[in-house]
Amino acid sequence: VEIRPSQALRLWHDVTMELVTDGDKDLTARQMAILLTVYLEPPPHTVRGLAARLNVTKPVITRALDTLGGMKLLSRKRDEADRRNVVITRTVAGALYLEEIADTIVAKAATMPR
């Protein structure tokens, strides 16, 4: 799909507006980046690995995961093979949430002037 920069910004704007005005979950850009990383990149995902990937500290990831976990979008568990690691896993609620966002992106893109 080829779109002009102004169209890309309009699409981002329209989707973001939909996300913040629909009364559902309102994630920060960092929380969304973490969520998308876990769902779109191959597992396993750890706090340490996410911190390195996003170039932030482990406490930053932990705070975001507290919020995402509270929303049931991700879950955490200790790695039984190495108890020092916490493994981040997908949830059904998180998959459904991202599917709804994907549907919103497709719908907004379809209404964009060509």
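Taking the Cα-to-Cβ direction at Arg30 and at Thr89 and moving 7 Å from each Cα, how far apart do the two end points lie in nm?
2.6
For n ≥ 4 DSSP H runs only, could you compute -39500 (n - 2.57) per run for the chain, divide by its residues and tell me the 222 nm figure to the nearest 500? Please report the intermediate quantities before stating the final value.
Values: 5 runs with 69 residues, N = 114.
It comes out at -19500 deg cm²/dmol, rounded to the nearest 500.
Count of lysine pairs in the chain with Cα atoms under 22 Å apart, counting only pairs 8 or more residues apart in sequence or on different chains? Walk me through the numbers before you get to the answer.
Details: Lys25/Lys72; Lys25/Lys108; Lys58/Lys72; Lys58/Lys77.
Summing the qualifying lysine pairs gives 4.
Over the stretch 1-106, with every protein chain in place, what whole percent of the accessible area is carbon and sulfur at 1.4 Å, could you tell me?
Details: 4000 of 6970 Å².
Taking all protein chains in place, the stretch 1-106 shows 57 percent carbon and sulfur surface.
Restricting attention to the stretch 34-114, which GluC sites (Glu not before Pro) occupy a DSSP loop and are surrounded by at most 12 other Cβ atoms within 10 Å?
Values: sites: Glu80, Glu99, Glu100; in loops: Glu80.
Those satisfying the criteria are Glu80.
Semi-axes of the stretch 69-114's equivalent ellipsoid from the Cα gyration tensor, sqrt of 5 times each eigenvalue, largest first, rounded to whole Å? Let's see the in-between values first.
Numbers: eigenvalues 244, 20, 8 Å².
Computed over the stretch 69-114, the values are 35, 10, 6 Å.
What accessible surface, in Å², does a 1.4 Å probe find on Ile105, ignoring ligands, DNA and RNA and rounding to the nearest 10?
We get 70 Å² for Ile105.
In debye, nearest 20: dipole of the chain around its Cα centre with unit charges on the Cβ of K, R (+) and D, E (-)? Before the final figure, lay out the partial values.
Values: 17 positive and 14 negative charges, 114 e Å.
Charge dipole, the chain, about its Cα centre: 540 debye, nearest 20.
Would you calculate the separation in nanometres between label points at Thr67 and Thr111, each defined as 7 Å from the Cα along the Cα-to-beta-carbon direction?
2.7
For the stretch 7-57, compute Rg over Rh where Rg is the Cα radius of gyration and Rh is the Kirkwood radius from the inverse mean 1/r over Cα pairs.
Working: Rg = 13.4 Å, Rh = 12.6 Å.
In the stretch 7-57, Rg relative to Rh is 1.07.
So how do Lys25, Lys77, Lys58 rank on accessible area, 1.4 Å probe, biggest first, that is with the largest at the start? Mind dumping the intermediate values first?
Working: Lys25 55, Lys77 125, Lys58 100 Å².
Listed by decreasing accessible area, they come as Lys77, Lys58, Lys25.
Enter the Cα centre distance for the pair the stretch 1-71 and the stretch 84-98, rounded to the nearest angstrom.
For the stretch 1-71 versus the stretch 84-98, the Cα centre distance is 13 Å.
Where does helix 92-110 land angle-wise versus the long Cα axis of the chain, in degrees 0 to 90, nearest 10?
Between helix and principal axis, roughly 20 degrees.
What do you reckon, how do His45, His13 stack up by accessible area (1.4 Å probe), largest on top? Mind showing how you got there, number by number?
Numbers: His45 15, His13 85 Å².
Solvent-accessible surface, decreasing: His13, His45.
In Å², what does the accessible area per residue of the chain work out to with a 1.4 Å probe?
With the other protein chains kept in place, the chain gives 67 Å² per residue.
How large is the translational diffusion coefficient of the stretch 18-105 in µm² per second when you combine the Kirkwood radius over alpha carbon pairs with Stokes-Einstein at 20 °C and 1.002 mPa s?
Numbers: Rh = 13.4 Å.
Value of D from the Cα-based Kirkwood radius: 160 µm²/s.
The values are calculated or read from the model by the stated rules, or taken from the named source; none is laboratory data. Because the structure is predicted, anything quoted here is derived from the model rather than measured. A quick note on method: Cβ atoms are made from the backbone with ideal geometry, for glycine too, and the neighbour counts reach across all protein chains shown. Side chains are part of the model used for accessible areas, which takes the heavy atoms of the whole protein and leaves out ligands, DNA and RNA. Shrake-Rupley method; radii C 1.70, N 1.55, O 1.52, S 1.80 Å.
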